Amino acid sequence: MLLQTTNIRDRQIKEELWACIKKWDTIIIHRHVRPDPDAIGSQCGLKEMIKATFPDKQVFAVGADVDDLKFLDTMDEVGDELYEGALVIVTDTANVKRIDDDKYKLAEEWIKIDHHPLDDSYGKIEWVNTNASSCCEMVADLWLTFPNDIVMNEKAARLLYAGIVGDTNRFLYDATSPYTMQVASELMRFSFSHTDVNNQMNVIKPNTGKMMGYALEHFIVSDGGVGHIVLTKDILRSLGLDESETHAIVPLLGKIEGVKAWAVFVEQSDSEYRCRLRSKGPIINNIAQKHGGGGHPLASGTHAKDTEEIEEILKELHQQVLAHQVESD
Ligand code: AMP
């Protein structure tokens with residue numbers, strides 16, 4: 001027995017969504033900027049699923065390629081003219097400003113498929129399920145809802161599995177549900193090598209290893225249990241790293257004993273700081289939102305314009321951890 005949601009509205013949206021996909025001959029799938037495995041997996045997994053079900057449709061996945069994720073899939077080149085008379089589907093992207101790229105506006109109709117808290121409303125059909133561990137889980141759930149209508153294949157299953165592994169940090173995070181495990185097990189029935197996928201996702205460059213060493217040596221933890229580290233442009237330069245390669249240190253600080261919430265600040269070329277926030281219990285996406293960002297209750301992101309704003313964010317994290325402590329006592 002599948003532990004799918006019994007929410008009637010959710011079922012209706014999936015029916016509307018699949019009926020809409022059936023109607024269009026050209027479908028272009030976008031996802032968020034700076035993609036992670038869940039963004040690429042949901043985008044390209046959906047593409048492969050639609051292609052396997054409707055071989056006559058033209059289906060494309062677009063956006064900037066990311067070197068580290070090319071082992072999952074690469075992007076298609078699509079000219080502006082193809083958007084005329086096309087359906088655009090955007091996966092894993094809460095707000096329009098994070099859609100990669102702007103060409104989605106040229107399409108006649110949009111669909112949103114996302115597991116982040118509803119931030120920006122966009123799309124004729126919006127399927128948002130914040131209980132899903134990942135957007136890949138949602139795409140696989142679409143297949144499991146209509147298994148007689150939708151064809152899953154090895155390529156799509158591999159992509160969707162990779163996205164679930166990525167967003168749950170290998171089934172570690174709280175959002176991992178019994179249904180997540182069921183979906184993963186259904187995908188694992190296809191003959192891709194899940195060991196290869198896991199190993200490829202585990203690989204880090206030697207310089208990334210050095211950055212992890214730096215982070216473990218220099219992190220700061222406050223008395224209340226707020227961990228943080230700031231990586232300036234100078235530090236990145238000395239480690240021979242690019243800003244885009246810093247995501248590997250984010251889960252590291254959460255491993256330190258006593259850390260309840262943490263922040264990783266990375267200075268950008270424009271001297272603003274990208275800020276990644278994580279928590280083991282206190283809600284932190286309200287802090288991200290206050291500073292112009294967003295995300296999930298326990299995993300979100302924003303920007304800080306200078307060191308003063310960094311201090312403000314840390315102070316707010318501290319207050320949130322304290323408030324959570326009081327609630328739990
Ligand atoms: P990251 O820290 O980049 O791994 O992002 C964690 C979560 O926060 C993801 O689900 C993102 O969608 C969300 N997020 C990160 N940065 C932003 C931002 N600037 N605005 C809105 N959401 C964000």
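Could you tally the net charge around Asp76, taking each other residue with its Cβ under 11 Å from the Cβ of Asp76, Lys/Arg +1 and Asp/Glu -1?
Every neighbour counted, the sum reads -2.
By DSSP, what percent of the beta bridges with both residues in the chain are antiparallel, rounded to the nearest 5?
Of all bridge pairs located within the chain, approximately 45 percent are antiparallel.
If you filter segment 228-329 for trypsin sites (Lys or Arg not before Pro), then keep DSSP loop positions with at most 13 other Cβ within 10 Å, what is left?
Lys255, Lys305
Measuring from centroid to centroid over Cα atoms, what is the spacing of segment 86-148 and segment 161-212 in Å?
Cα centres, segment 86-148 to segment 161-212: 21 Å.
Binning at 10 angstrom from zero up to the longest distance, how are the C-alpha pair distances of segment 206-328 distributed in percent?
The calculated distribution, bin by bin, is 14, 48, 32, 6, 0.
Which GluC sites (Glu not before Pro) does segment 202-301 hold that lie in a coil by DSSP with at most 15 other beta carbons within 10 Å?
Counting only loop positions with at most 15 other Cβ atoms within 10 Å, the GluC sites (Glu not before Pro) in segment 202-301 are Glu257, Glu272.
What are the equivalent ellipsoid semi-axes of segment 8-201, built from the alpha-carbon gyration tensor (square roots of five times its eigenvalues), in whole angstrom, biggest first?
After scaling each eigenvalue by five and taking roots: 23, 18, 17 Å.
For segment 1-146, what is the percent of antiparallel DSSP beta bridges, rounded to the nearest 5?
10
Over segment 8-201, what is the relative contact order in whole percent, taking alpha-carbon pairs under 8 Å and six or more residues apart?
Answer for segment 8-201 is 24 percent.
Could you name the lysines in cross-link range of Lys233, using Cα to Cα under 28 Å and dropping any fewer than eight places away on the same chain?
Excluding near neighbours in sequence, the set is Lys70, Lys97, Lys205, Lys210, Lys255, Lys260, Lys290, Lys305, Lys315.
When Lys and Arg each count +1 and Asp and Glu each count -1, what net charge do the other residues less than 13 Å away from Gly254, Cβ to Cβ, add up to?
The answer is +3.
Ignoring everything except DSSP H segments at least 4 long, calculate the 222 nm mean residue ellipticity for the chain; use -39,500 (n - 2.57) per segment, divide by total residues, nearest 500.
-12000 deg cm²/dmol
Please report the base-10 log of the normalised intensity I(q)/I(0) for the chain, using a Debye sum with one equal scatterer per alpha carbon and no solvent, at each q in 0.10, 0.13, 0.16 (1/Å).
Taking Cα atoms of the chain as identical point scatterers yields -0.60, -1.00, -1.41.
Counting other Cβ atoms within 10 Å of each Cβ, which GluC sites (Glu not before Pro) in segment 58-155 have at most 11 and sit in a DSSP loop?
Glu77, Glu84
Values in this text are rule-based calculations from the coordinates and carry no lab data. Keep in mind that this is a model prediction, so the values were computed, not measured. Cβ: placed from backbone, ideal geometry, glycine included. Neighbour counts: every protein chain shown.
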